[in-house]
Structure formats: C-alpha cells, structure tokens
Amino acid sequence: MAYIIIKVTYPNKEEADKIIKHLLTKRLISSANTFPIRSTSSWTGKIMEVDEYIALFKTRRDNWEIVKTEIKKLHSYKIPCITKIEAEANKDYEDWVVNQTK
C-alpha cells in the first residue's frame, strides 16, 4: 500500500504552519515536515530569487484532490506549487499514514 507526499512551497513559515494545522485538524494528512529553502524561478519575465518554506505532507493517495483544494483555498500565492509524489515506506509507517487520515 503506497501513499503520497504532497510538496508545497510557502512565502513564510507562518503560512505553512497555518495550513499544516488546518489539514491535520481535518485529518487530511498524517504529518508534515517543513524547512527553509531558496527558490529561483522565472516570474513575469524576470529571474526571481526568494526565500521560502517548503512543506511535505504525507497522506493517502485518494486524498490528493481534497488536499490540493484545501491548500489552494488558503494559500496566498496566485499560482501555488502543489506537487504530488508517489511514495513507499515500511508497512508499519504506511499503515500509520492511513490510520491517521480519513
């Protein structure tokens, strides 16, 4: 039984934490990891370098659409980066992910 990791970037830790708590309260994710990153991209024709936070959410595969929708509702970016990554882990951990989410 595989699960997914959803990778999302945020402008700051406070926004990441707010959305993490929202998703945990709704039991849409089992856990999240956050860490600071430096992002470089092309935005409106300019090369941009910004400090951001990234969050990795662990959840069931079938929660992808609802988690994505919830993130979009709360995210401050006009075009947030919300990426689904297929994942596999030891059976005990995968069972825990499933048992912590609905």
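Number of residues in segment 50-96 that are more than 19 Å from LEU28 (Cα to Cα) and not in a helix (DSSP H, G or I) equals 9.
Tell me yes or no: at least one residue of segment 30-48 is charged (D, E, K, R) and surrounded by 14 or more Cβ atoms within 10 Å (Cβ to Cβ). No, segment 30-48 contains no residue that is charged (D, E, K, R) and surrounded by 14 or more Cβ atoms within 10 Å (Cβ to Cβ). The set of residues in segment 1-25 that are in a loop (DSSP other than H, G, I, E, B) and in contact with a Lys or Arg (Cβ under 8 Å, 6 or more places away or on another chain) comprises MET1, ALA2.
Inside segment 12-47, residues that are under 19 Å from ILE71 (Cα atoms) and either within 13 Å of the chain's Cα centre (by Cα) or among the charged types (D, E, K, R) (or both) make up a count of 22.
Each value in this text was obtained by applying a stated rule to the coordinates, not by laboratory testing. Worth saying up front: this structure is predicted, and the values here are computed from it rather than measured. Note that we place each Cβ from the backbone using ideal geometry, even for glycine, and neighbour counts take in every protein chain shown.
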